[in-house]
Every structure is written in C-alpha cells, then in structure tokens.
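First the structure, in the form of structure tokens, and then the observations on it.
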Amino acid sequence: MSYSYYERLSALDATFLDTEDQFANAYMHVGSVSLFDAAPLRDADGATDMDKVRRLVEAGLHRVPRYQQKLARTPAFGNPVWVDDDRFNLLYHIRHVSLPKPGDERQLKRLAGRIMSQRLDRGKPLWELWVVDGIERDRVALISKAHHCMIDGVGSVELSTALIGARQDIEERISHPRAFQTRPAPSPRDLFLDEINRRVTQTFSAVQTVGGALWNPVGALRSLSNSLGTAGAGLGAALSSASPTPLNDEVGPHRRFDWLDMSLDEIKAVKTRLGGTINDVVLTVASGALGRFLHDRGVRVEQLDFRAMLPVNVRSVDERGTLGNRVSSMMAALPLDERDPVKRFQLVMETTRRLKKSGQAAGIQMMEELGDSSMGGLLSILSQLYAMQRPFNVVITNVPGPQFQLYFLGSPLGATYPLVPLFHNQTLGIALFSCNGMLYWGFNADWDAVPDLHELVEGVAKEFAALKDRAANEPPTNLHTVTSPRAKSASAGRRRS
C-alpha cells in the first residue's frame with residue numbers, strides 16, 4: 001500500500017520564492033559554470049556522449065530526491081510544499097548546446113549570463129543542467145542552475161558529489177542505478193487538514209511554554225532576556241541601512257557573469273603571514289577592488305558605510321547531506337577607503353573577529369527559527385524590511401569544497417565558478433568556491449548597472465597581487481593591531497566619516 005508524501009518548505013526556503021514573486025527581476029537561483037576536458041566525454045563518433053551524461057545524472061538522482069520534486073501549495077493558507085513529480089522528465093532538465101567558433105571564454109560567459117537571466121519553471125522541479133560543447137582548448141562546460149529555495153552553497157557542494165566524484169566510481173554508478181520511487185501527492189483536503197493540525201499543535205506548545213514560565217518565572221525571564229539579546233543583535237544588523245551606491249539600484253532583467261582563479265596555497269601563505277583567515281584575505285582583496293571600482297566612478301568611498309552580507313553555514317553534523325537552506329549571515333562593514341593592503345587586512349580581521357563574538361549570526365538564525373514556528377509570516381515580513389532598508393550592499397559568500405581532483409565521466413574538473421543570486425536592489429554578487437588547491441571567484445552582475453564588470457574582476461586580481469607582495473615583506477603574524485574609530489564601529493555596521 002502506498003501513502004501520500006510531502007515536505008513543507010522552511011520559512012527561510014519560502015522567502016526565496018516570496019522574493020522572486022515580489023520583485024520581477026530578482027531571479028533566486030544559484031548556479032555554477034564548470035569546465036572539463038572534452039576528450040574523455042566523447043562517444044565513438046567523436047561527439048559528446050549525451051546518453052552517458054543522462055545515465056550518470058539519472059543514477060545520482062536517488063541521492064537527491066528534491067531534484068524529482070515540484071512545488072505545491074496548501075489550500076487556503078498558501079504554504080509551499082514539496083511533492084514528488086509524477087511526470088518528471090529528465091530530458092527537460094538536461095540541455096545540450098554548442099558555442100559557435102571560436103568558442104572562447106567570453107562567449108561562454110555571455111551564454112552563462114543569458115541562462116542565468118531566465119526564471120526556472122515553477123511547474124517542474126527547479127533545476128537545469130546545460131552541457132556546452134565547442135569551447136576552445138578542447139573543453140566542455142557544465143552550467144548548473146537550481147532555485148535557492150531548494151539548496152544553499154554548502155548543499156550545492158554536497159549535491160555535486162551525486163554527479164562529480166572520484167574517477168573509479170563512475171562506471172559502477174552508471175551500471176547499477178537505483179530507481180526513484182515516486183510517492184503519491186496528498187490531496188488538497190489532506191494538505192489543508194495537516195496545516196490546521198500543525199497550527200493547533202504549535203498553539204498548544206506555546207500554551208505549555210507559558211505554563212512552564214509561570215512555574216519558573218525567574219528562569220523564564222532569564223531565558224527571555226538571553227533570547228531577546230540574541231534576536232536584537234540580528235535585528236539591529238538587518239534593520240539599519242547601508243550607504244546608497246551605484247551598485248544598489250533596482251536590478252534589471254539581464255545578467256553578466258565573469259570569473260577569476262587564484263592559487264589556494266598563495267592565499268594560505270598570505271593569511272598565515274598576516275595572522276588571519278582565508279576569508280579575511282578574500283574580504284581584504286574585495287574591499288580594495290570595490291573601493292577602486294567605485295572611486296573611479298566618482299564615488300567618495302571614504303564617506304561610505306559599505307557592507308557585505310556574509311552567509312554563515314549553520315548545518316550540524318546530523319544535517320549533512322540535507323537540502324534546503326541552513327544558513328545565517330553577518331553584516332561586515334568593509335574599509336573601501338584604506339589603500340594600504342596590510343592595514344586593510346588588519347581592519348577586516350578586526351571586523352570579522354568582532355562579528356563572530358557579537359551574536360549577530362545567532363540572532364539572525366533565531367529569527368529564521370521563529371519563522372518556522374507559529375509566527376509563520378515573521379520571516380516574510382523581515383525579508384520585505386530587508387528589501388526596503390538595504391542593510392548590505394553586496395553578498396560575498398565563500399564555500400569550501402573538496403581538496404582533491406574531481407571527475408565527470410572520467411574527465412578531470414578544470415575549474416568551477418559559483419554564482420549567487422541578486423536581490424532587487426543589489427546589482428553585484430560575489431561567490432567563491434575552493435577545490436583541489438584553487439579558489440574560484442564567480443561574479444554575477446546586472447548587465448545595465450555594471451557593464452564594466454571585467455574591470456572589477458581585473459581589480460580583484462591586482463589587489464591580491466599587491467596584498468601578496470606586501471605580506472611577503474611583513475614579519476610573520478602578530479602584526480600590531482590597527483585601531484581606528486571606523487574599525488571600532490564596524491561590527492555595528494556603521495562608520496563615522
């Protein structure tokens with residue numbers, strides 16, 4: 001006997017759907033462009049073996065059932081849920097295209113931008129995989145795209161192991177596929193009654209909590225005080241506005257995508273020399289490049305309260321392998337006006353250390369958890385406040401990946417560039433992914449607002465070279481801490497000019 005099955009989206013996952021519904025050009029999908037050698041992927045006729053590609057994807061889908069599920073809505077309440085797609089067609093989700101000659105990276109970037117400028121079909125599982133032939137130096141690209149409501153950055157790394165992995169296990173996976181058993185979707189009546197039951201249960205739980213507080217009022221007040229303090233740190237970061245900049249106009253319908261490679265060993269050498277973290281290096285380099293980029297456009301960067309939203313992974317060990325979003329965030333003020341790269345590194349390091357101690361990420365996580373309780377509309381309201389208040393100027397997300405060679409059907413992974421979506425008043429997003437000794441930067445931008453994106457990419461490369469050179473001449477670690485009013489106020493998200 002088969003039973004109906006569904007999964008309710010978390011409040012955080014649902015906010016990505018709400019954002020996309022509210023703002024026409026805010027496409028809430030994550031993605032990546034990965035490059036491989038073409039030769040191992042060819043069939044006997046010399047063409048890319050698309051049949052084998054499809055069989056590999058099909059063999060890996062049992063590990064990620066979400067990729068065969070689609071959205072449904074609870075009657076009356078409208079809550080989104082996942083149900084198995086009884087009409088799932090793999091051929092719809094895997095696309096095959098070829099670049100015209102010369103097939104250079106500029107053409108590939110343009111194609112990636114166009115693909116990322118199109119919304120995913122809400123009536124089908126929310127993902128696509130594009131196989132791109134004809135790339136110079138005899139390469140093939142995979143352009144992946146999945147809605148943010150079903151996956152975050154860390155989840156995308158775990159998902160990639162369903163398709164890309166150690167070379168020796170590829171043939172075994174294809175020759176012994178595990179079929180996905182579609183489960184019936186619940187009836188609208190069942191969805192409605194389940195939602196009523198869920199809300200009644202939450203109300204009863206709230207009553208029990210109040211009853212317990214009456215028996216132990218001192219403990220309850222102490223717990224409430226701690227919770228309010230934690231939530232307040234998150235709300236304070238979320239509801240204070242960053243400075244307006246040319247990067248914070250209303251986002252348009254077209255995307256540009258660009259990328260950059262860096263040696264992870266070189267980055268580690270810099271952070272070890274200066275006593276910080278890899279993320280401190282990333283933020284220092286990004287701050288320098290963004291400062292020059294805006295200065296060259298007539299912006300007085302010394303007057304800016306410019307903030308980056310830094311996603312923070314909050315997955316527990318038990319939650320590894322789960323899809324959906326398990327992230328919080330921190331708002332970091334960036335020192336765009338500091339031209340000395342070592343001093344800038346110290347300012348960044350002070351900011352990130354203070355933020356980790358501030359409880360800001362825990363406060364935002366608490367608000368996300370409240371959104372999953374009876375206060376179901378809280379996170380949706382907060383996301384709208386986010387949009388109006390503009391608490392950050394840019395997203396910079398850095399996801400660690402496996403430090404060994406990966407393969408796709410026996411073809412070694414040459415590079416992989418991640419993409420983070422743009423919110424409605426944010427025309428630039430920067431995503432990073434480390435893998436096999438390299439750090440890959442992906443720059444997603446609004447085509448009209450940032451037509452000169454390549455200049456920012458070149459600026460990032462130049463700033464890292466400058467930081468690397470300066471770090472090599474500094475005494476190792478234990479540099480004197482730079483103290484400034486700007487650094488002291490960075491954790492609060494504001495700098496005095």
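The values are calculated or read from the model by the stated rules, or taken from the named source; none is laboratory data. The shown structure was predicted, so the numbers you read here are calculated from the model rather than taken from an experiment. Methodologically, a virtual Cβ is constructed for each residue, glycine included, from the backbone with ideal geometry; neighbour enumeration extends over all protein chains shown. Quick note on the areas: whole protein, heavy atoms, side chains included, nothing else; ligands and nucleic acids left out. Shrake-Rupley method; radii C 1.70, N 1.55, O 1.52, S 1.80 Å.
List of remarks:
- Flag for Val395 being open to solvent by less than 10 Å² (accessible area, probe 1.4 Å) and assigned to a loop (DSSP other than H, G, I, E, B): no
- The stretch 398-412, residues that are touching a Phe, Trp or Tyr at 6+ places or on another chain (Cβ under 6 Å) and either part of a strand (DSSP E or B) or open to solvent by less than 10 Å² (accessible area, probe 1.4 Å) (or both): Val399, Phe408, Ser411
- Residue that is hydroxyl-bearing (Ser, Thr, Tyr), at pLDDT 90 or above and within 30 Å of His62 (Cβ to Cβ), where the choices are Ser175, Ser187: Ser187
- Residues satisfying the stated conditions in the stretch 117-141, i.e. farther than 26 Å from Leu17 by Cα and surrounded by 13 or more Cβ atoms within 10 Å (Cβ to Cβ): Val131, Val132, Asp133, Gly134, Ile135, Glu136, Arg139, Val140, Ala141
- Matching residues in the stretch 16-26 - criterion: being buried (at least 17 other Cβ atoms within 10 Å of the Cβ) and aliphatic (A, V, I, L, M): Leu17, Ala26
- Residue within the stretch 196-216 that is crowded, with 21+ Cβ neighbours inside 10 Å and either part of a helix (DSSP H, G or I) or modelled with pLDDT of 70 or more (or both) present: no
- From the options Asp104, Asp84, Asp49, residue that is under 29 Å from Tyr440 (Cα atoms), at pLDDT 95 or above and touching a Lys or Arg at 6+ places or on another chain (Cβ under 7 Å): Asp49
- Subset of the stretch 419-448 [open to solvent by 20 Å² or more (accessible area, probe 1.4 Å), closer than 24 Å to Gln118 by Cβ and in a strand (DSSP E or B)]: Phe433
- Test: residue in the stretch 451-471 that is at pLDDT 95 or above, in a loop (DSSP other than H, G, I, E, B) and surrounded by fewer than 22 Cβ atoms within 10 Å (Cβ to Cβ): yes
- Whether a residue is at pLDDT 95 or above and closer than 30 Å to Ile267 by Cβ was assessed, and Gly401 does not pass this test.
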